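Here is the structure we will look at.
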Amino acid sequence: MCGIVGYIGSKNAQDYLLSGLKRLEYRGYDSAGIVTLNGRPSLLRAKGKVAKLSEMIASHKTSDKVGIGHTRWATHGEPSEANAHPHRAGDIYLVHNGIIENYKQLKQELTEHQFDSQTDSEVLAALINSFYNNKTKLEDAVTQALQLVDGTYGIAVVSDREQDKVVVARQGSPLLIGVGDDETLIASDASALIGHTSEAIYLNDGELAVCTADSVELRDLASQPLSAKVEKIEVDMQAIQKQGYDHFLLKEIMEQPQTLANTLKGRVKADQHHAQLGGLNMTDDELREVRHVVIIGCGTALYAGQLAAYYLERLVDDVTIEVQIASEYRYRSFNLPENSVALVVSQSGETADTLACLREIKNRGARVLGVINAVGSTIAREVDGGVYVHAGPEISVASTKAFTSQVAAMTIFGLQLARAKGASLMELDKYIDELEALPGEIKALLEKITPEVEQAANKFTDYNDALYIGRDTLFPVALEGALKLKEISYIHAEGYAMGELKHGPIALVDDSFFEVALIQDNWLFDKSISGVQEVNARGGHILVVTNSTEPIEAEMVIRLDSKLDVLLPMLFNVVLQLFAYYVAVSRGTDVDQPRNLAKSVTVE
Ligand code: G6P
């Protein structure tokens, strides 16, 4: 949600700012802007994607060596040039990620500033400027202003009057300071820094830094100096490139055999009946005591939690498992029984609602474990322990490979919990064997089934509405499949428990509507077939995805051929990812950056 970059050093600032914004564009893409300083400030802002800004920069090249930039996902005020960042007040320019909650109140008092935008961010710029006189240093004006602010922010500020520094601060929105050779680079996400430096300082909440070309001075909002810890960035260049694919989404679907193997590496060894996570920070005795697990997430991470919950329930029978939507749970007066553990699931590790839930649960004294992809992210830093899923950077806004890795990681957690509670190796082996086989099974599936899924996508691309239905472990897969389709193709799609079909959604069946029925060849097969027949009988259009070889009456049947049983739903999910992708491609939507969405939702 919004990307921030900043530069001060010996090279051309525009070059880094632009390349950084391109890398961060997946975080927000309704407008973008930069300002660089040298003599006269050069402020360039454009509505739309970074490509628009890039054209503008091409005809306004500067050789300035300091500047800041921003790519926006609108919260206050529509996408427009005036609402794009950087915002100016007097001599200062500011880029901001987050929300200033008391901006209306602050604005009323800033009568001397002529507001050009509807944003809360411009209010912050004006507030800083109100403290910025000839005797004040930029960092002190920023500090004074931030003391009056309620809300969340990651900011970078420059001043025409003090062109030798960039001031940054953080409260709730991520910010990194890359330490380079005679240059200091600022980014809201490590991907912008790749190729420039592999060392960075991760700012914590309540910290402010004064960056020059060769120094970073860290302090808190009481202006007390803090020591900065320089950390290694562990993302490589390959991982953030398309590598020949048309879209990041397709690349990320196709690389799942490898990214999942990375999740399992060292954690699952079938020949040793071994499944263990290293970073839980819990002893076997502590695991034995666990009686309640609550899994929390948003979007795809939530659905990964819903699928994993079925597995956890089956693996441990003296533990109650519940799954909760982060944005709801955080405001509920929930009671966590003693011996509860929360699993917070997040690809980005920055989602505001998930983070707020984590803090709320910690406040109430329960242990919180993270299931996180982005290394060094805020959630990862605040949990008591947990697991990095190691799926690598996910650039496409719609999440795919993270889902697969999250479910796998939570299943390993379930295995570890079960083992600590005395489950026999025999009982657990089925899951361990299937986990180990899963990367190969996904690889074989992708090689074999892709053309057929593309064909199915072309067949169903013109419908307006879709209903995804599945039973048992295929119910969360139906939810995730429908989410993928709506996110990237804009077809209205809902996921439903198959048994609920007759309790409402069947009323929707007509010619503009199609149904995706997920049917596993197991003890629920016959019941699932009746779900298909109910729709057939009313003239509905059905795409069936199944591993059964039985004849099934439907408009099209995609058959999976796999030795998996308990983890087979993960293959169904891969088929639905591909299906959504090809529908989106055939409808000509912006697959990697769908309208109105953002990758990392750092506002409530
Ligand atoms: C946004 C993204 C989704 C993602 C969700 C949770 O809505 O568009 O793809 O699933 O946030 O994100 P997280 O980073 O917490 O997994």
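For segment 195-200, the Karplus equation 6.51 cos²θ - 1.76 cosθ + 1.60, evaluated at θ = phi - 60°, returns couplings of x, 9, 7, 10, 10, 8 Hz by residue, with Gly and Pro reported as x.
Applied to segment 80-86, the Karplus parametrisation 6.51 cos²θ - 1.76 cosθ + 1.60 on θ = phi - 60° returns per-residue 3J(HN,Hα) values of 7, 5, 5, 7, 6, 8, x Hz, with x for Gly and Pro. With the cut-off at 1.5 for a/c, could you classify segment 152-232 from its C-alpha gyration tensor as rounded, prolate or oblate? In terms of gyration-tensor shape, rounded.
Only helical runs count toward this figure. For the chain, summing -39,500 (n - 2.57) over DSSP H runs of n ≥ 4 and dividing by all residues gives -11000 deg cm²/dmol at 222 nm. With both labels modelled 7 Å from their Cα along Cα-to-Cβ, the K362 to S80 distance reads 4.0 nm. The distance from the alpha carbon centre of segment 406-429 to that of segment 69-130 is 50 Å, rounded to a whole number.
Net length available on complete extension from T212 to Q533 is 108.7 nm, with 0.36 nm assigned per residue and the Cα-Cα distance removed.
Think of each Lys and Arg Cβ as +1 and each Asp and Glu Cβ as -1; about the Cα centre, that makes the dipole of segment 470-570 roughly 140 debye.
At a probe radius of 1.4 angstrom, the accessible area of segment 2-239 per residue rounds to 39 square angstrom. The packing ranking, built from the mean of other Cβ atoms within 10 Å per residue, places the peptides 454-467, 406-419, 222-235 in the order 406-419, 454-467, 222-235, highest first. Centroid-to-centroid, using Cα positions, segment 514-530 and segment 218-260 are 40 Å apart. Note that segment 438-591 presents 38 Å² accessible area per residue, ligands and nucleic acids not counted, probe 1.4 Å. Packing here is the average count of other Cβ atoms within 10 Å per residue, and on that basis the peptides 176-187, 208-219, highest first, run 176-187, 208-219. Solvent-accessible area assigned to carbon and sulfur over segment 438-591 amounts to 47 percent, based on a 1.4 Å probe.
Qualifying trypsin sites (Lys or Arg not before Pro) in segment 95-179, where qualification requires a DSSP coil assignment and no more than 11 other C-beta atoms within 10 Å, comprise K135. Here the peptides 296-305, 275-284 are ranked by packing, the mean other Cβ count within 10 Å, and the order with the highest first is 296-305, 275-284. Assuming R0 = 45 Å, what is the FRET efficiency of N596 and E289, from their Cβ-Cβ distance, to the nearest 0.05? Efficiency for this residue pair is about 0.50. The mean sequence distance of close C-alpha pairs (under 8 Å, at least 6 residues apart), as a share of the length of the chain, puts its relative contact order at 12 percent. Taking all protein chains as they are arranged and a probe of 1.4 Å, the heavy atoms of S399 leave approximately 10 Å² accessible to solvent.
Magnitude of the Cβ-charge dipole of the chain, K/R +1 and D/E -1, about the Cα centre, nearest 20 debye? Spell out each step's value before the answer.
Numbers: 56 positive and 83 negative charges, 175 e Å.
Rounded to the nearest 20 debye, it is 840 debye.
What is the antiparallel percent of DSSP beta bridges lying wholly in segment 244-423, to the nearest 5? Walk me through the numbers before you get to the answer.
On the way: 2 of 23 bridges.
Close to 10 percent.
How much of the DSSP beta bridge set in the chain is antiparallel, as a percent to the nearest 5? Roughly 60 percent of the beta bridges in the chain run antiparallel, per DSSP.
Which entries in the list K443/K527; K107/K137; K52/K459; K265/K362; K401/K486; K362/K484 go over 28 Å, if you measure between the two C-alpha atoms of each?
Beyond 28 Å: K443/K527; K52/K459; K265/K362; K362/K484.
Need one word for the chain: rounded, prolate or oblate. Basis is the Cα gyration tensor (sqrt eigenvalues a ≥ b ≥ c); a/c below 1.5 gives rounded, then a/b vs b/c decides.
On the way: a/c = 2.07, a/b = 1.62, b/c = 1.28.
In terms of gyration-tensor shape, prolate.
Checking the a/c ratio against 1.5 first, then a/b against b/c, what shape does the Cα gyration tensor give for segment 2-239? Cα axes put segment 2-239 in the rounded bin.
The simple Förster model, with R0 at 41 Å and r as the Cβ-Cβ distance, assigns D15 and Q147 a FRET efficiency of 0.70.
Among the GluC sites (Glu not before Pro) in segment 269-368, those located in a DSSP loop and surrounded by at most 16 other Cβ atoms within 10 Å of their own Cβ are E338. Here the scattering of segment 438-591 is modelled by Debye summation over its C-alpha atoms, one equal scatterer each and no solvent; at q = 0.15, 0.18 Å⁻¹ the log10 of I(q)/I(0) is -0.70, -1.03.
Any idea what angle helix 568-587 forms with the longest principal axis of the chain, computed on alpha-carbon atoms, 0 to 90 degrees, nearest 10? Approximately 60 degrees, to the nearest 10. A simple spin-label model places the labels of S63 and K229 4.2 nm from each other, with each point 7 Å out along Cα-to-Cβ. Couplings 3J(HN,Hα) for segment 98-103, derived from phi with the Karplus relation 6.51 cos²θ - 1.76 cosθ + 1.60 (θ = phi - 60°), are x, 9, 8, 6, 9, 5 Hz, where x marks Gly and Pro.
Given a 1.4 Å probe and the protein chains as shown, R291 ends up with an accessible area of around 100 Å².
Loop-located chymotrypsin sites (Phe, Trp or Tyr not before Pro) in segment 523-604 (DSSP state other than H, G, I, E, B) with a sparse environment of at most 15 neighbouring Cβ atoms within 10 Å: W523.
The values are calculated or read from the model by the stated rules, or taken from the named source; none is laboratory data. A quick note: this is a predicted structure, and the numbers were derived from the prediction, not measured. Here the Cβ is made from the backbone with ideal geometry for all residues, glycine too, and neighbour counts use every protein chain on show. Side chains are part of the model used for accessible areas, which takes the heavy atoms of the whole protein and leaves out ligands, DNA and RNA. Shrake-Rupley method; radii C 1.70, N 1.55, O 1.52, S 1.80 Å.
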